[in-house]
Every structure is written in C-alpha cells, then in structure tokens.
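Student: Below: one structure in structure tokens.
The values are calculated or read from the model by the stated rules, or taken from the named source; none is laboratory data. It should be emphasised that the depicted structure is a prediction, and the values quoted were computed from it without experimental measurement. With ideal geometry, Cβ positions are generated from the backbone for all residues, glycine too; neighbour counts draw on all protein chains shown.
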2 protein chains.
Amino acid sequence: MIYAQLHLTLPAWIHDEVDGQRLYPDAESRIALAIQLSRRNVDHRSGGPFGAAVFTGEGRLVGVGVNRVVPHNCSVAHAEVMALATSQQRVQSFRLNQSGERYTLATSAQPCSMCYGALIWAGIDQLLIAARADDVQQLAGFDEGPLPADWKGELENGGIQVRTDLMRDHARDVLRDYGESGLVY
Amino acid sequence: MIYAQLHLTLPAWIHDEVDGQRLYPDAESRIALAIQLSRRNVDHRSGGPFGAAVFTGEGRLVGVGVNRVVPHNCSVAHAEVMALATSQQRVQSFRLNQSGERYTLATSAQPCSMCYGALIWAGIDQLLIAARADDVQQLAGFDEGPLPADWKGELENGGIQVRTDLMRDHARDVLRDYGESGLVY
C-alpha cells in the first residue's frame, strides 16, 4: 500500500499566540516573533526549539512555523518549511514574490541544509536570522548539516538579503533552556 | 488569519502505476521505478519531470514521490521530499533507519539544494541517482541550487552511500521530452 497523503499542522496554540492583525514594521519585531514562537513551542511540548515567520515588505504577517518533526514523525517539518509552505498556501503561489510583493523570512536560528535550499525556492527577498548554527549545536545538540562554503554569498547572489545575529542572545536563551530541559523534541 | 495546515498529495494514478507487492532487489530496478514515475508525472500533467522512491534493504517498496510543486502551489513538494515524508508516515518514524532496517532513496535526478538536506535528516543509508544536475538544467531548465563543494563526500561521511549515473540516458530522455513539450510544471 502506498501512502499518498502528507498532512502537517501547526499546534492549536498558534492561533492564541500570534496577532495576525498588527504590523511588524522592522527586523527586530519580526525576529522577536520567530524567537517567541521557538520559546512557546518548547513550553507547549509541541516540537523542537525553533520558530519562523514570513512577512510582506511593509510588515504584514503572512504565515508562521514551528518545528513539528517529532509530533508528526516527519523530518521535513522544520519551522522554516512550515512557515514558507503555509505562507504559499495562503498566497496560492509556489513562489511567494512572483506577484512583485517583497517577502521576508525571519527565523530563530540559522537554517539547516534542507531549509537553506527550501528558502531559495520559496521566493523570499530577505532572510533574518537570530541564533548561529554553532549556538544550535552547542546549546541544543542539533546538527545543522553541510552548507556551501559561502552560503550567505550564494543567497545574496540569488537576490536574498541576509542579516544575522539579530537578538541572538534571546534565541540562545531558548536553545539553552531546551538543552538543559532534557526534552527530545 | 494564520494558515495552520499543509496537505500534500500524490496523484491518484500512483495507485495504478506502482506495484507495492513486488520486490525491487537491485539498484537498476529501483532507479527504473523512479524514472518511470518521472515519465508518468509528465504524461499525466500532475507535476514536474521528477520521480523518487524509498526501499528497504531487501527491496520492499516503502514509499514513492513525484514533483507536485505547481499543482499544490508548494515549492517544498519535490519528488524526494514527497517520497521521504510519505515513507516516514508509513513507518511512523522521523528517521527511517532508526529501527536498524536499511533504506535506499532512488531518484530520477540529482537532488537539489533542499532535497540534499532533506535526505540527510530522513534516515537513509543509500542514495541512487539517475540524471545529473547539469542534465536537469540543460534539458529541462530547472536550477538545482548551490551545494557543498564535496556534496557526495559529505553524504558518504554521514553514512549515506551514493551511486550516480544509473540509467542516466533514460532519465535524460524524460527531461528532454519535458523540455521540448513547453510544459511549465
């Protein structure tokens, strides 16, 4: 028998946690939401310590994601993939910026090997990152996988502006708390 | 409003096309199925010219995938992701080989940047590839994205054996036919 369906969900608490009406006008407010989602995902035991969110150029929230790997038995269900894919469902386009609108992905930690590729195809114009790959490895014990040597330059060459270390300490706090919790999400 | 669901499907013809009962004992029979799926996906206008399949060590079929990016408006829905994720749903594990069983992913073309990372996390032991990235670019016009310089060595170091150029001409035929068809899946 072939399994022909894949059904992934965000946890129910997302709807209470996220204000989809307000504007997120700057990098700080956008990365703060990604980090808040990573924190809440650990609090609620609904997945690993990672959060991400997609915004339009002016700061409207398009979609959010948290890590859902363990609850869904799905190694693809990283926060960035969930945020990008649900945003594409909302916009009804497999390339978010095909319409000419600009899009930003904010993520609580540097994207892994898979999410790095996923964000290239998703149609975003800007990537905001809080924690570094080293933080993820050292504090939470997750491997981020191999990347091109100049991973940031490859993104910039493809038209995706990259900003790193945004509210890094806050993101590190979540990773550290997770690492010390003994949770295995 | 937040979109909190992602629902991806394989096309209905999959159930008629794939024999889930037979054994696929060797690399050739496994890669032949991946290429057959890539061909049928073009024939049925159900997505891009890519197919993939997951097998146990002895050659039982675990899951299959075809490209579903355009039908689902989802840039994540590559053949390898669909095959790996539906296989994980069947096995009910986010890491296929966690049980000690060995798994092979066969794919009609070299995995792109995203699928490269996805297969690292999925828990496979062997990767079988038909067409090269250059074939995909030149014949079908798809960019495969940036990879680590020694992408194959990184996989081998991680315990994933890689075989390339398997039935490459057959896979190239599908990509060429797609490229000449004018289809934009």
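Student: Checking A:ALA118 against (1) within 19 Å of A:SER38 (Cβ to Cβ); (2) surrounded by fewer than 17 Cβ atoms within 10 Å (Cβ to Cβ); (3) at the interface with chain B (Cβ under 9 Å from one of its Cβ atoms), which single condition isn't satisfied?
Tutor: (2)
Student: Given A:HIS78, A:HIS72, which one is surrounded by fewer than 24 Cβ atoms within 10 Å (Cβ to Cβ), within 12 Å of another protein chain (Cβ to nearest Cβ) and at negative phi?
Tutor: Residue meeting the stated conditions: A:HIS72.
Student: Now a separate question. Quick one: count up the residues across the range B:96-137 that are within 22 Å of B:ARG172 (Cα to Cα) and small (Gly, Ala, Ser).
Tutor: Of the residues in that region, 7 qualify.
Student: Any residue at all in the range B:123-131 that's surrounded by fewer than 20 Cβ atoms within 10 Å (Cβ to Cβ) and either among the polar types (S, T, N, Q) or modelled with pLDDT of 95 or more (or both)?
Tutor: yes
Student: For A:ALA12, state whether it is within 12 Å of chain B (Cβ to nearest Cβ), surrounded by fewer than 20 Cβ atoms within 10 Å (Cβ to Cβ) and either closer than 22 Å to A:ALA140 by Cα or not hydroxyl-bearing (Ser, Thr, Tyr) (or both).
Tutor: yes
Student: Taking the residues in the range B:81-101 that are more than 7 Å from every other protein chain (Cβ to nearest Cβ) and either without any contact (Cβ under 8 Å) to a residue 40 or more places away in the chain or surrounded by fewer than 24 Cβ atoms within 10 Å (Cβ to Cβ) (or both) as candidates, determine which candidate is nearest to B:PRO11 (Cα to Cα).
Tutor: Among those residues, the one meeting the criterion is B:ALA83.
Student: Something else about it: Among (1) outside any loop (DSSP other than H, G, I, E, B); (2) without any contact (Cβ under 8 Å) to a residue 40 or more places away in the chain, where does A:TYR178 come up short?
Tutor: The failed condition is (2).
Student: Sticking with this one: Give the range B:133-157 a look and list any residue that's among the aliphatic types (A, V, I, L, M) and touching a residue at least 12 places away in the same chain (Cβ under 8 Å), or say none. Even if it seems obvious, please write down each step before you answer.
Tutor: The first filter runs over the range B:133-157 and keeps only residues among the aliphatic types (A, V, I, L, M), leaving B:133, B:136, B:139-140, B:147, B:149, B:155.
B:ALA133, B:VAL136, B:LEU139, B:ALA140, B:LEU147, B:LEU155, listed by residue number.
Student: Turning to a different aspect of this structure: Identify all residues within the range B:42-56 that are buried (at least 22 other Cβ atoms within 10 Å of the Cβ) and not in a loop (DSSP other than H, G, I, E, B); write none if there are none.
Tutor: B:VAL42, B:GLY51, B:ALA52, B:ALA53, B:VAL54, B:PHE55
Student: Can you name every residue in the range A:102-132 that is in a helix (DSSP H, G or I) and either touching a residue at least 40 places away in the same chain (Cβ under 8 Å) or in contact with a Leu (Cβ under 8 Å, 6 or more places away or on another chain) (or both)? So that I can check it myself, show each step before the final result.
Tutor: Taking the range A:102-132 as the starting set, the residues that turn out to be in a helix (DSSP H, G or I) are A:113-122.
Across the range A:102-132, the qualifying residues are A:SER113, A:TYR116, A:ALA118, A:LEU119, A:ILE120, A:ALA122.
Student: Another one. Name the residues in the range A:133-152 that are part of a helix (DSSP H, G or I) and either more than 9 Å from chain B (Cβ to nearest Cβ) or of a type in the set (D, E, K, R) (or both), would you?
Tutor: A:ALA133, A:ASP134, A:ASP135, A:VAL136, A:GLN137, A:GLN138, A:LEU139, A:ALA140, A:LYS152
Student: For the list (1) crowded, with 20+ Cβ neighbours inside 10 Å; (2) farther than 28 Å from B:ARG68 by Cβ; (3) facing chain B (nearest Cβ under 9 Å), I need the number of the one condition that A:SER108 fails.
Tutor: Unmet condition: (3).
Student: Among all residue pairs at least 6 apart or on different chains, which show Cβ distances below 8 Å where the first residue, located in the range A:57-78, is part of a loop (DSSP other than H, G, I, E, B) and the second is of a type in the set (Val, Ile, Thr) and surrounded by fewer than 20 Cβ atoms within 10 Å (Cβ to Cβ)?
Tutor: Here the result reads A:ARG68/A:THR9, each pair linking the range A:57-78 to a residue that is of a type in the set (Val, Ile, Thr) and surrounded by fewer than 20 Cβ atoms within 10 Å (Cβ to Cβ).
Student: Okay, next question. What are the residues in the range B:1-30 that are in contact (Cβ under 8 Å) with a residue 24 or more places away in the chain, under 22 Å from B:GLY48 (Cα atoms), within 19 Å of the chain's Cα centre (by Cα) and in a strand (DSSP E or B), if any?
Tutor: B:LEU8, B:THR9
Student: Within the range A:31-41, track down each residue that is in contact (Cβ under 8 Å) with a residue 60 or more places away in the chain and surrounded by fewer than 24 Cβ atoms within 10 Å (Cβ to Cβ).
Tutor: A:ALA32, A:LEU33, A:ARG39
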